[in-house]
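Visitor: The structure under discussion is supplied below as structure tokens; questions concerning it will follow.
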Amino acid sequence: MTMLQRMCGMVGIAALFVALPDPVGAQEPRLQGRLQDAVRVEVDALLLQAREAGLPTEPLVDRALEGASKGASGERIVAAVRRLAGELETARDAMGQRARPEELAAGASALRAGAAPEDLSRLRGYRPDQSLTVAVAVLADLVAVGVPVDTAVAAVLVLAGAADDADYIAFRRSVERDVALGASPVAALGVRLDAATAVAEGILDQGAGRTPTAPRKP
Amino acid sequence: MSGRGVRAAVAAAASLLPLGQAAVAQTVGALDAGVSAVEYEGYLASGALFLNPTLRHDTPSLSLGLQGGWVVFESGNHVLHGTGAGAWRTPPLGRWRAEVSGSGGVSSYVVTDTAFPAYGHVLGRVRTHYGTGRSGAWAAAATGHSFFGDTSATPVEISLGAWTARARFAVGGSIKHTWIADSSYLDVTASLRWIYEWFELSGSGGFRTASRGGGSGAWAEAALQIPVWRPVTVVIGGGRYPSDPVRGVLGASYVSAGIRITPFRTAPPLHPAIGSAYRRALESRPRESAGAPRISLGGSHTQGRDILIEVDGATRVELAGDFTDWEPRAMEREDARSWRIRVPLGPGIYRLNIRIDGGRWIVPAGVTSVEDEFGSQVGLLVIP
């Protein structure tokens, strides 16, 4: 082998090293010292896959840190991160490639709560140019307080045409309060939805900016 | 929504399920009328007029009662309600006695711009009582139907109580656990009735804890009754009472003043120490949160958003969540029960837990609690 051949070979090996993922560079610094090494390697691999797939990694890191903070086993942490990555991907497919990271995180919560990907797609259809973060987060939250998924989806979709984010929050609080008072989640949601849509129609008619569920005198 | 009047009706119904019994048959009619300032949970404060007629009949073994109510608010909206109740007691078996009772009621919040379904309830209860004429204890269980519009729930109430009475005062306490729909909670209540020469003072207080969807917190209220001239009594009251999801009562703070006219009474009053006021106090409803931490959002700032925690008796409050990389962050004390921390929060959904005095990580009231994937609960905080 000539010197030139040897040099070419060394360059090729060096290029191979450059082309391979840098195991050090791929590590998420915030996980350092929070996870056992073996667990961290697995989580870093999942983060790398998510990054390559164009998914936000911040929620995945948060989930791993939550598990670490709560003293969960490494197996459980890895499983939680893997599951969330799958939900983020499903949410992205449903909400569009342009969906922002916070929208995807909210979408993943909604999917976890029981919403279907089609529900997220429909919501995107109603609000193509607006952030879905709060609407989807409220959807996830409504399901979490006991509203059946189909009912919660229907409510969020009904409000999608006229409600802004603050309206969604106020709506969700009203439902939660009624449920706490003993109303069934479905009844509470129905009542609040009637009130919100009635006022929203008035808002559209009058161009006013009143919050549908703002406190008022009894 | 149900109003103060409904709660009064509930109390009256509860008073039909007494600890003791009338020595002779007695029928009493009364009419309460007055004004109040009330602030229901979720509503602004408002003035109100109320009118509550009551009719009850007691014998040594039977109690029957009816109460109606009409509360008119400043807005012109009003609450109508009606409640009926009855109780039958077995003859004493030594120091034991059993009681079967039932009550039913409906209330309607009549407003001009919102379709609000009626609340209602039908409840049956069994109770065993052990004691003498001066003190006793009881255990009870109740169930039935509570409805709100077209939907209904089957509440279950399990309660224990004890009381003691002397010539001029009576005190009691009870613990009641309630399950209804998705909610459950534990109410601890204490009550006092004191009869002086020319007035009667009754009060009750308590707290709700171990709550899942039923709210939590402390409450207290008191009423002063001053007989002016027969048959008129001036009644002044105030305080805070808790929600009662079973009977559709919305929690509120109030002050009220009115008169009670008792146009007829067919027999002397019941034994003063175990009369209706004491029984009403002993049976009366629950409260709101005592000591349970509650989270709320403060204002937005360039450096982030304030998160507030209100909790009684804490010396250290920590918060951890997505926005702290799940590192515990100590909150700053604002006053005796308020704690604050400023964190960077954009619109979105966040997961968090708090820790009081180094205890376990918990989910405060005010956010939705869901199962995390690590064997505990985590709160979901939605930021608009």
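Each reported figure results from applying straightforward, stated rules to the coordinates on display, with no laboratory input. Here the structure is a predicted model, which means the values were calculated and not measured. Backbone-built Cβ (ideal geometry, glycine too); neighbour counts: all protein chains shown.
Visitor: Within 10 Å of each Cβ in peptide B:79-85, how many partner chain Cβ atoms are there on average? Round it to a whole number, please.
Guide: Details: counts 1, 0, 0, 0, 0, 0, 0.
Average per residue, whole number: 0.
Visitor: What does the charge count near B:Asp306 come to, summing +1 for each Lys or Arg and -1 for each Asp or Glu among other residues with Cβ under 9 Å from its Cβ?
Guide: Values: positive: B:Arg305, B:Arg340, B:Arg342; negative: none.
After counting each charged neighbour, the total is +3.
Visitor: Enumerate the residues in region A:67-89 having an amide nitrogen under 20 Å from the point lying 7 Å beyond the Cα of A:Gln32 toward its Cβ.
Guide: Counting backbone N atoms under 20 Å from the label point, the list is A:68-69.
Visitor: Sorted from fewest to most neighbouring beta carbons within 10 Å, what does the list B:Ser376, A:Ser73, B:Ser146 look like? Each step should come with its number before you reach the end.
Guide: On the way: B:Ser376 16, A:Ser73 13, B:Ser146 24.
Least crowded to most crowded, the residues run A:Ser73, B:Ser376, B:Ser146.
Visitor: For B:His177 and B:Asp357 in one chain, what is 0.36 nm times their gap in residues minus the Cα-Cα distance, to one decimal in nm? Could the numbers behind the result be given before it?
Guide: Numbers: separation 180, 0.36 × 180 = 64.80 nm, distance 2.71 nm.
Residue separation times 0.36 nm, minus the Cα-Cα distance, leaves 62.1 nm.
Visitor: Give me the one-decimal nm value for the distance between modelled label points at B:Thr315 and B:Val110, 7 Å along each residue's Cα-to-Cβ direction.
Guide: 5.7
Visitor: Taking beta carbons within 10 Å but only from partner chains, what does the mean come to for residues A:99-105? Walk me through the numbers on the way to the answer.
Guide: On the way: counts 0, 2, 1, 6, 2, 0, 5.
Mean shielding by partner chains, rounded to a whole number: 2.
Visitor: Would you tell me the mean number of C-beta atoms belonging to other protein chains that fall within 10 Å of each C-beta in B:45-54, as a whole number? Let's see the in-between values first.
Guide: Numbers: counts 3, 3, 1, 2, 0, 0, 0, 0, 0, 0.
Per residue, the number of nearby Cβ atoms from other chains is 1 on average.
Visitor: Starting from the Cα-Cα distance between B:Thr90 and B:Ala330, subtract it from 0.36 nm times their residue separation and give me the gain in nm to one decimal. The partial results should precede the final answer.
Guide: On the way: separation 240, 0.36 × 240 = 86.40 nm, distance 5.86 nm.
Computed gain between B:Thr90 and B:Ala330 is 80.5 nm.
Visitor: Oh, and also: Provide the net charge surrounding A:Ala105, with neighbours chosen by a C-beta distance below 12 Å and charges set as Lys +1, Arg +1, Asp -1, Glu -1.
Guide: Values: positive: A:Arg63, A:Arg92, A:Arg100, A:Arg112, B:Arg351; negative: A:Glu58, A:Asp62, A:Glu87, A:Glu102, A:Glu103, B:Asp322.
Once all neighbours under 12 Å are counted, the net charge is -1.
Visitor: Taking neighbour counts of Cβ atoms within 10 Å as a proxy for exposure, in what order, fewest first, do A:Phe171, B:Phe323 appear? All intermediate terms of the calculation are to be shown ahead of the outcome.
Guide: Values: A:Phe171 26, B:Phe323 23.
Sorted ascending by nearby Cβ count, the order is B:Phe323, A:Phe171.
Visitor: Neighbour counts of other C-beta atoms within 10 Å: give me B:Trp198, B:Trp361 arranged from fewest to most. Write out the running numbers ahead of the final one.
Guide: Numbers: B:Trp198 8, B:Trp361 22.
In increasing order of surrounding Cβ atoms, one gets B:Trp198, B:Trp361.
Visitor: So, counting K/R as plus one and D/E as minus one, what does the shell of residues with Cβ under 13 Å around B:Val100 add up to? Could you put the intermediate results ahead of the total?
Guide: Values: positive: B:Arg89, B:Arg97, B:Arg125, B:Arg127; negative: B:Glu99.
Result for the neighbourhood of B:Val100: +3.
Visitor: For labels at A:Ala162 and B:Val100 in the simple 7 Å Cα→Cβ model, what's the distance in nm?
Guide: Roughly 5.3 nm, to one decimal.
Visitor: State, to one decimal in nm, how far the label point of B:Ser75 lies from the label point of B:Ala210, with both points 7 Å from Cα in the Cβ direction.
Guide: For B:Ser75 paired with B:Ala210, the spin-label model returns 3.6 nm.
Visitor: Still on this model: State the extension gain, in nm to one decimal, for the chain segment bounded by B:Leu44 and B:Ile158, taking 0.36 nm per residue of separation less the distance between their alpha-carbons. All intermediate terms of the calculation are to be shown ahead of the outcome.
Guide: Working: separation 114, 0.36 × 114 = 41.04 nm, distance 3.36 nm.
Net length gain for the segment: 37.7 nm.
Visitor: Kindly state, to the nearest 0.05, the FRET efficiency for A:Ser121 paired with B:Ala141, given R0 = 35 Å and r defined as their beta-carbon distance.
Guide: Numbers: r = 49 Å, r/R0 = 1.40.
After rounding, the FRET efficiency stands at 0.10.
Visitor: Work from the charge dipole of region A:40-91 (Cβ charges, +1 for Lys and Arg, -1 for Asp and Glu, about the Cα centre) and give the residue of A:Leu55, A:Ala91, A:Val81 farthest towards its positive end.
Guide: Checked the options; the winner is A:Val81.
Visitor: Give the residue from B:Pro91, B:Trp229, B:Gly105 lying farthest towards the positive end of the charge dipole for region B:88-241; charges sit on Cβ (+1 for Lys and Arg, -1 for Asp and Glu) and the dipole is referred to the Cα centre.
Guide: Checked the options; the winner is B:Pro91.
Visitor: Something else now. At R0 = 30 Å, how high is the FRET efficiency between B:Leu62 and B:Leu201 if r is their beta carbon distance? Nearest 0.05 is fine. Each step should come with its number before you reach the end.
Guide: Values: r = 30 Å, r/R0 = 0.99.
My answer for the efficiency is 0.50.
Visitor: Projecting each Cα onto the charge dipole of region B:120-199 (Lys/Arg +1, Asp/Glu -1 at the beta carbon, about the Cα centre), which of B:Ala170, B:Leu186, B:Gly149 comes out farthest on the positive side?
Guide: Of B:Ala170, B:Leu186, B:Gly149, it is B:Ala170.
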